[in-house]
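Down below is the structure, laid out as structure tokens.
Values quoted throughout were computed directly from the atomic coordinates according to the rules given, and no laboratory measurement underlies them. Quick caveat, the model's predicted, so the values are computed rather than measured. For neighbour counting, all protein chains shown are included, and Cβ atoms are generated from backbone atoms with ideal geometry for every residue, glycine included.
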Amino acid sequence: MAPRPTPDGLLLVDKPAGVTSHDVVNAARRALGEKRIGHGGTLDPFATGLLVLFVGRATRLLQWVQAEPKVYDATVRFGAETDTEDLAGAVVREAPLPTRAAVLAAVPALLGNIDQVPPAYSAKRVDGKRAYELARAGQAVELKPSRVHIESIKLSMFEGSDDAVSACRMRVSCGGGTYIRSLARDLARATGSAAHLTALRREQAGVFSLARAIPFERLRGGEPVVVAPAVDALEGYPHQALSEDEVAKIVRGIDVEARVDGAFAALLDPPSATGLGALVAFAERRPSERGDRWQPRVVMRDD
């Protein structure tokens, strides 16, 4: 059974500043002629970097993709806090510049599982409305803290002097739902200072790397775009090649023998002379009296 001719798969895009994540999705829909496109996490308009798009039936894989940790490179400007917590906002608080020692000493308390108050200008919902909509309307926004995980924070390229740091670079590895803007805010507040981001770039999301991304201008400019195979979205999971008979069963929802380890697996067409077969399904391991079986959870083609 041949895979569908539509471009089911994965597309990594390097988003520029000033473009929304929705703009990128719309450009991909036009370029590929496919309406079903989802993303593995948005970026703020001022931010740049990796945006992971799932095309066609690959959108069904979104909940199973290993998209963490997320790695960001940010520039922190000390001395002023803005209402958006980035360079696009209005200054709402100023404070003395921190010392280098104070900034470094504040890092450990921000690692691990922490409670983070999201920025007022965020997509969080308050009474059914987006927080940024309320903030733009001039309404006070009070958001509850969210539990997030910060794996690491590495500071470098300090500007100013040891006694008065005006800016630095911050590389963060974290879990989903983390606001790097708010992390910079809290870092500065812990030193008695204030800060906002002047640049933010996402370099990695789980198994996906910015090195594999195409420039947004290529997508918007109408150049040919090649969608990576859907199986690339399941890197990190074991793979099992199926026989032709097993393919016929899986696409009808019938379980097949599990011959590789793991709780989940990517099930592929029989290998060809050119390499691995295409993704047939994503499956979950189920014990049975016949031994362990793969039960399909996402099937990538029609019966």
Relative to the first principal axis of the alpha-carbon coordinates of the chain, what is the inclination of helix 21-32, with its axis defined by its Cα atoms, in degrees from 0 to 90 and to the nearest 10?
30
FRET efficiency, residue 254 to residue 62 (Cβ-Cβ, R0 30 Å, nearest 0.05):
0.75
Backbone HN-Hα couplings from phi across the stretch 155-163 [Karplus 6.51/-1.76/1.60, Hz, Gly and Pro as x]
9, 7, 6, 5, 10, x, 10, 4, 8
Cβ-defined net charge surrounding residue 288, 11 Å radius [Lys, Arg +1; Asp, Glu -1]:
0
Can you list the residues, at least 5 places off or on another chain, whose amide H is less than 5 Å from the amide H of residue 206, using H built in the peptide plane?
68, 70, 71
Karplus-derived 3J(HN,Hα) from phi for the stretch 231-248 (6.51 cos²θ - 1.76 cosθ + 1.60, θ = phi - 60°), whole Hz, x at Gly and Pro, runs 4, 4, 6, 10, 4, x, 8, x, 10, 10, 7, 9, 7, 4, 5, 5, 4, 4
Per-residue counts of other Cβ atoms within 10 Å, averaged by peptide: what ranking do you get for 201-210, 254-263, highest first?
201-210, 254-263
Please list, or write none, the aspartates and glutamates whose alpha carbon is within less than 18 Å of the alpha carbon of residue 15, excluding same-chain residues fewer than 8 places away.
23, 44, 73, 86, 203, 217, 223
Can you give me the relative contact order of the stretch 237-299 as a percent, contacts being Cα pairs under 8 Å and 6 or more apart?
35
Normalised by the number of residues in the chain, what is the relative contact order in percent for Cα pairs under 8 Å and 6+ residues apart?
22
Kindly provide the helix-only [θ] at 222 nm of the chain, computed as the sum of -39,500 (n - 2.57) over DSSP H runs of four or more divided by all residues, to the nearest 500 deg cm²/dmol?
-4000 deg cm²/dmol
Calculate one ³J(HN,Hα) per residue across the stretch 87-102 by plugging θ = phi - 60° into the Karplus curve 6.51 cos²θ - 1.76 cosθ + 1.60, and present them in order as whole Hz with x for glycine and proline.
6, 7, x, 8, 5, 10, 7, 10, 7, x, 5, x, 7, 4, 4, 5
Whole-angstrom gap from the stretch 1-68 to the stretch 175-205, using each part's C-alpha centre
25
Rel. contact order, % - alpha carbon contacts under 8 angstrom, at least six apart, the stretch 14-113:
19
Could you give the angle, 0 to 90 degrees to the nearest 10, between helix 180-189's Cα long axis and the longest principal axis of the Cα atoms of the chain?
30
Grab the other residues whose beta carbon is less than 10 angstrom from that of residue 227, score K and R as +1, D and E as -1, and report the net.
-3
The stretch 237-299 - charge dipole about Cα centre, Lys and Arg +1 at Cβ, Asp and Glu -1, debye rounded to 20:
160
Cα pair distances of the chain binned at 10 Å [whole percent]:
6, 23, 27, 21, 14, 7, 2, 0
Order of 239, 196 - criterion: other Cβ atoms within 10 Å of each residue's Cβ, fewest first:
239, 196
